[in-house]
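The values are calculated or read from the model by the stated rules, or taken from the named source; none is laboratory data. In this text, all values refer to a predicted model and were calculated from it rather than measured experimentally. Positions of Cβ are generated from backbone atoms using ideal geometry, with glycine treated the same way; all protein chains shown enter the neighbour counts. Only protein heavy atoms, including side chains, enter the accessible area calculation; ligands, DNA and RNA are left aside. Shrake-Rupley method; radii C 1.70, N 1.55, O 1.52, S 1.80 Å.
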Protein chains: 4
Amino acid sequence: MTTQRRTSPNASRRSDASRRAILAAAFDLVGEVGYAKLSIEGIAARAGVGKQTIYRWWPSKGAVLFDAFLMLGEGADGEAALPDTGDLESDLKAVLRATVAELNDPRYDEPMRALSTEIAHDPELAAAYLERLDRPMRELKKHRLRAAQRAGHLAEDLDLDVAVDMLWGPLLNRWLQRTGPLTPEYADNVVETALNGLRPRR
Amino acid sequence: MTTQRRTSPNASRRSDASRRAILAAAFDLVGEVGYAKLSIEGIAARAGVGKQTIYRWWPSKGAVLFDAFLMLGEGADGEAALPDTGDLESDLKAVLRATVAELNDPRYDEPMRALSTEIAHDPELAAAYLERLDRPMRELKKHRLRAAQRAGHLAEDLDLDVAVDMLWGPLLNRWLQRTGPLTPEYADNVVETALNGLRPRR
Amino acid sequence: MTTQRRTSPNASRRSDASRRAILAAAFDLVGEVGYAKLSIEGIAARAGVGKQTIYRWWPSKGAVLFDAFLMLGEGADGEAALPDTGDLESDLKAVLRATVAELNDPRYDEPMRALSTEIAHDPELAAAYLERLDRPMRELKKHRLRAAQRAGHLAEDLDLDVAVDMLWGPLLNRWLQRTGPLTPEYADNVVETALNGLRPRR
Amino acid sequence: MTTQRRTSPNASRRSDASRRAILAAAFDLVGEVGYAKLSIEGIAARAGVGKQTIYRWWPSKGAVLFDAFLMLGEGADGEAALPDTGDLESDLKAVLRATVAELNDPRYDEPMRALSTEIAHDPELAAAYLERLDRPMRELKKHRLRAAQRAGHLAEDLDLDVAVDMLWGPLLNRWLQRTGPLTPEYADNVVETALNGLRPRR
DNA sequence: ACTTAACCGAGACGGTACGTCCAGTCTTATT
DNA sequence: AATAAGACTGGACGTACCGTCTCGGTTAAGT
């Protein structure tokens, strides 16, 4: 699932074994040596692949990382959905707690930071990320929120994009900048505060 | 205002002119050539300084960037406060719109992204950031919120740290990941939604 | 004609143009800026070559210099011989005067001093020098002396290596240490004195 | 016993302890780490001395090395002479064997190579060496040879400088360039061959 | 079945930057 | 005023990777 390429080489001859080895090596390496020391040469060596094979198919290190993430999510694509028990608050708490758990998992922490910083500095990659990863996830979230809105559990005039940001933004920001501990309790707190608002309820 | 150093060289002999030149060069360069192409060598050359003078006083490129930011904020330290007109909502909107304006200012966008990603990958630097930049800013914000809380404009049992996250987190996340446009209207929307909550007000 | 290498990289892919450019640059530079200011970086820059290309193929600065000398002597290898007019004394005088001229030639003086001092401090390089440059030259000299010996012009029990040392040693030592003027007359004097010995001839 | 200095600082205030410490450190270090890794900074650190104290009194690393050698020879200056048993050949053999022993002594080998190469590349230093070390030694040698010449053991018209070169040149050259083993037997052989000449004695 | 052209591994190439060492100069505080 | 200490600019060190470029060797398509 290669990222943007204006004039792509003949993709039909592409070696799928090499492609998979490269993505796996990239994902593993960024977890092992960290983002700063991740190098194309290292990925090629680990994957048992010539450097050119990477340069032929990906425009940047970030694009490789990005595809590595896509590979992880393969299979789960179409059918996934957020839980809907009818209880919005507990559903959201469950989902945000799962997000917290993933962000705290050392297997995903470094790779996700790496991808985040590549996105932060590469608008083209950011656009691809938006399209291929963020938007699908966001649609799932908005789908659940829309159901709640219809059921009268959310304000009628609510902008669902803002609502998503309000739930996940605090989490992601605290994770990336380490501005505080990232605990399940924090996730719960965010959900409650977001739902009820900062103002006192009459 | 140098960052942490276990065994610092004799700081009394330090050249202040070099220190300032380095920080200014770092800040300017990251804006000009971008984070990825920022190099210690480039900073040293621009500052008219030997590389060793940088390595002598800073442990990493991120630490230089961090001190460059500290230098910007010098002078404004003690007396700053968030506006308090009594109208919390409009005060918050003014502050968040100012934040949006700053994040959109090309003079600050790249340098701040650079610092953010350094922080994301260097826990030690993150700790220094927390202590020296984030915490003072957060205290100002919490100070304003506390006043509102006392005035009965915010929920009594509100965790002010969560409140701050709820207001700035969505903004910063959208900015860094470019998951959507960062406009003054978005700032207003975040403030309103945060204050009122996602649920319908009775 | 690269010097010893334990684990050589794949030599078949080696760029001959780079190799020649490096050797030429090294030889030229040592004549221009002198031995003390000769740097790998300077050689690479002058040759229009990456530093790694030098480090890939040569273990030291001295080895580069050494190969530069070998390149000079290419072609003349096999067929060369010392003159043999039958008159040993005048043949030797001619050869030693030529040596003197070469040592006095500013085009060769600095490069040869540079090589000499590298050899003096690097036994491995000295061994290569011995094998590839000194021995062939010494064989030519001994060949001429052996002919003279057979003709009864030299003592029967003479050690030809000592004889060679006796003729060239004084010259080279005076040149390198500048312990006295290096003139054609001096060359003649050395030849005569060596042939006749210090003792009065009966 | 500082080398040439056009405008010397006020030598009366000079610290003799520092001077001695520097020379001793230079001599020791060149033996320990070798000529290539000998640094002014290393000498200063070993001597417990500021770098400026070295730069104030010596114009170059070679000059320090040179003075270190002079310090070794102090005391023995005036009274020394070559042995004169009346048997020139055995006297010379004894002296040359001593020279061989010294050149083979690891305590002197590296330092002497270091000094030799500094001399080879610094004509000013070479002149100082000639004047202060080589000439006195050479006079001693010539004194012994002159005595032999007067006794009829050497040719009447012999140039004693050439004679000295003929005896020590082969040795020094073989030592510095490692063109062959440097043994007492070689010293004997050189003496015999030099005295008798290469030609057959009638 | 047989070219033939693209892909592949390998890795040399010209470069840029790394982080370190040292040169030689300058400044500060001590003696 | 000379010294020990050491910060300063500057330049070279030897290494790691960058992204480009051959080199042979497979491998799949199209004749």
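Taking all protein chains in place and a 1.4 Å probe, what share, in percent, of the accessible surface of the protein assembly as shown do carbon and sulfur account for?
Whole-percent figure for carbon plus sulfur exposure: 51.
Between rounded, prolate and oblate, where does the stretch D:11-73 land on the alpha carbon gyration tensor, with a ≥ b ≥ c its root eigenvalues, rounded for a/c under 1.5, else prolate if a/b exceeds b/c?
prolate
Measure off 7 Å from each Cα along the Cα-to-Cβ vector at C:GLU32 and D:GLU32, then give the distance between these two points in nanometres to one decimal.
Output for this residue pair reads 4.0 nm.
Which lysines, on any chain, are close to D:LYS37 with Cα under 17 Å apart, when same-chain ones fewer than 8 places away are left out?
C:LYS37, C:LYS61, D:LYS51, D:LYS61
Could you work out the per residue convex hull volume over the alpha carbons of the stretch A:88-196, in cubic angstrom?
104
Under a crude label model (7 Å from the Cα following the beta-carbon direction), how far is B:ALA147 from C:GLN52 in nanometres?
Those two pseudo-labels are separated by 5.9 nm.
If only Cα atoms are counted, what is the Rg of the stretch B:6-160, and what is its Dmax, in Å?
Just the Cα atoms of the stretch B:6-160 yield Rg and Dmax of 18.6, 57 Å.
Relative to the isolated chain, which residues of the stretch B:119-146 have their accessible area cut by 40 Å² or more in the presence of all protein chains (1.4 Å probe, heavy atoms, no ligands or nucleic acids)?
Buried on complex formation: B:ALA120, B:HIS121, B:LEU130.
What's the magnitude of the charge dipole for the stretch A:1-158 around its Cα centre, counting Lys and Arg as +1 and Asp and Glu as -1 at the beta-carbon? Answer in Debye, nearest 20.
That gives the stretch A:1-158 a dipole magnitude of about 720 debye.
Given points 7 Å out from each Cα along the Cα-Cβ axis, report the C:ILE40 to B:ARG201 separation in nanometres with one decimal.
For C:ILE40 paired with B:ARG201, the spin-label model returns 7.2 nm.
Given a 1.4 angstrom probe, what's the average accessible area per residue across the stretch B:11-73, in square angstrom?
47
Can you give the Kirkwood hydrodynamic radius of the protein assembly as shown from its Cα pairs, in Å with one decimal?
Kirkwood radius, the protein assembly as shown: 34.0 Å.
Placing a label point 7 Å from Cα toward Cβ, how far apart in nm is C:ASP84 from its equivalents in the other copies, listed shortest first to one decimal?
Nearest first, the other copies' label points are 4.6, 10.6, 11.0 nm away.
Can you list the distances in nanometres, one decimal and ascending, from the B:ALA45 label point to the identical position in each other copy, with the point 7 Å along Cα to Cβ?
1.2, 2.8, 3.0
Say a paramagnetic label sat at a point 7 Å from the Cα of A:GLU156, along Cα to Cβ; which residues of the stretch B:163-202 have their backbone N under 17 Å from it?
Label zone hits: B:198-202.
Chains C and D: what accessible area do they bury, summed, in square angstrom to the nearest 100, with a 1.4 Å probe?
Between C and D, the summed buried area is about 4600 Å².
Under 23 Å from the Cα of B:LYS93, which lysines turn up, not counting those fewer than eight places away in the same chain?
B:LYS141, B:LYS142
Give me the residues in the stretch A:151-165 whose solvent-accessible area, probe 1.4 Å, is reduced by at least 50 Å² once all protein chains are included instead of the chain isolated.
A:VAL162, A:ASP165
Looking at the stretch C:167-183, which residues lose a minimum of 20 Å² of accessible area between their chain alone and all protein chains in place, measuring with a 1.4 Å probe and not counting ligands or nucleic acids?
The answer is C:GLY169, C:PRO170, C:LEU172, C:ASN173, C:ARG174, C:LEU176, C:GLN177, C:ARG178, C:THR179 - residues whose exposure falls by at least 20 Å² when every protein chain is included.
Which residue in A is nearest the A/B rotation axis when you measure from the C-beta atom, and what is the distance in Å?
A:GLY197, 1
In Å², what does the accessible area per residue of the stretch C:94-141 work out to with a 1.4 Å probe?
45
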